[in-house]
Amino acid sequence: MSMSKIIRVTADLLFPFIVIFGFYIVLHGHLTPGGGFQGGAVIATGFILLFAAHRIDDVTCIFGKKLFQNFEAFGLFLFIGTALVAIALGYTFFMNFLANSGGLFGQTVSFGINPGSLNTAGVIPILNLAVGMEVLGGLSIIIIYMTKAIQWQEDLE
């Protein structure tokens, strides 16, 4: 069952802002309270809003279950792959090999008051992104299955 037009339009307008805010939380997780899990949950909330406002079949035609499964799988591979790259480079498992390297995410943190830079955390932003993708995929799939089960139960009655 679909909601009223006002709710659908409002959900459609809010969705991109919720997703952008979730990515902000994921990417700034090493500087502020938040991170991969919290940001992934916020992004999944945007999709859940669409599931609640529209018919689940209409939303899964655009954002299929396979998309969320791919997010979950890629997040897992990115997380474990980042840890294995450290071993391949001769470090220990999950070593922060990018910290203070000068490259991507490897800028050295200066002493004193630091306004915070996205480039200073080493592999932590990569791990936050991986966890965010994993949580987004997992929570969205759970909601899809729960919603389908509710529809199936209503069809039986």
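Residue under question is Phe47, and the condition is that it be over 15 Å from the mean Cα position of the chain (by Cα), within 24 Å of Glu72 (Cα to Cα) and not small (Gly, Ala, Ser); does it hold? Against the criterion (over 15 Å from the mean Cα position of the chain (by Cα), within 24 Å of Glu72 (Cα to Cα) and not small (Gly, Ala, Ser)), Phe47 does not qualify. Please verify whether Leu98 is aliphatic (A, V, I, L, M), under 15 Å from Ser140 (Cα atoms) and out of contact with any strand residue (DSSP E or B) (no Cβ under 9 Å at 6 or more places or on another chain), treating the condition exactly as stated. Against the criterion (aliphatic (A, V, I, L, M), under 15 Å from Ser140 (Cα atoms) and out of contact with any strand residue (DSSP E or B) (no Cβ under 9 Å at 6 or more places or on another chain)), Leu98 does not qualify. So is Glu157 acidic (Asp, Glu) and at pLDDT 90 or above or not? No, not satisfied.
I need the full set of residues from the range 119-131 which are β-branched (Val, Ile, Thr), part of a helix (DSSP H, G or I) and either in contact with a helix residue (DSSP H, G or I) (Cβ under 6 Å, 6 or more places away or on another chain) or at pLDDT below 80 (or both), in order please. Let's see the steps before the verdict.
So in the range 119-131, the residues β-branched (Val, Ile, Thr) come out as 120, 123-124, 126, 131.
Next cut, part of a helix (DSSP H, G or I) only: 120, 124, 126, 131.
Of everything in the range 119-131, those that are β-branched (Val, Ile, Thr), part of a helix (DSSP H, G or I) and either in contact with a helix residue (DSSP H, G or I) (Cβ under 6 Å, 6 or more places away or on another chain) or at pLDDT below 80 (or both) turn out to be Thr120, Ile126, Val131.
Determine whether the range 46-61 contains at least one residue that is under 24 Å from Asn119 (Cβ atoms) and of a type in the set (S, T, N, Q). There is no residue in the range 46-61 that is under 24 Å from Asn119 (Cβ atoms) and of a type in the set (S, T, N, Q).
Residues to consider are Phe97, Phe63; find the one that is over 22 Å from Thr120 (Cβ atoms) and touching a Phe, Trp or Tyr at 6+ places or on another chain (Cβ under 9 Å).
Numbers: Phe97 fails: over 22 Å from Thr120 (Cβ atoms).
The unique qualifying residue is Phe63.
Within the range 42-53, residues that are over 17 Å from Leu27 (Cα atoms) reach partners that are among the hydroxyl-bearing types (Ser, Thr, Tyr) and buried (at least 22 other Cβ atoms within 10 Å of the Cβ) with beta carbons closer than 9 Å, at six or more positions or on different chains, in the pairs Phe47/Ser140; Ile48/Ser140; Phe51/Ser140.
The values are calculated or read from the model by the stated rules, or taken from the named source; none is laboratory data. Note that the coordinates shown come from a computational prediction; the quantities given were computed from them, not determined experimentally. Heads up, the Cβs are rebuilt from the backbone with ideal geometry, glycines too, and the neighbour counts pull from every protein chain shown.
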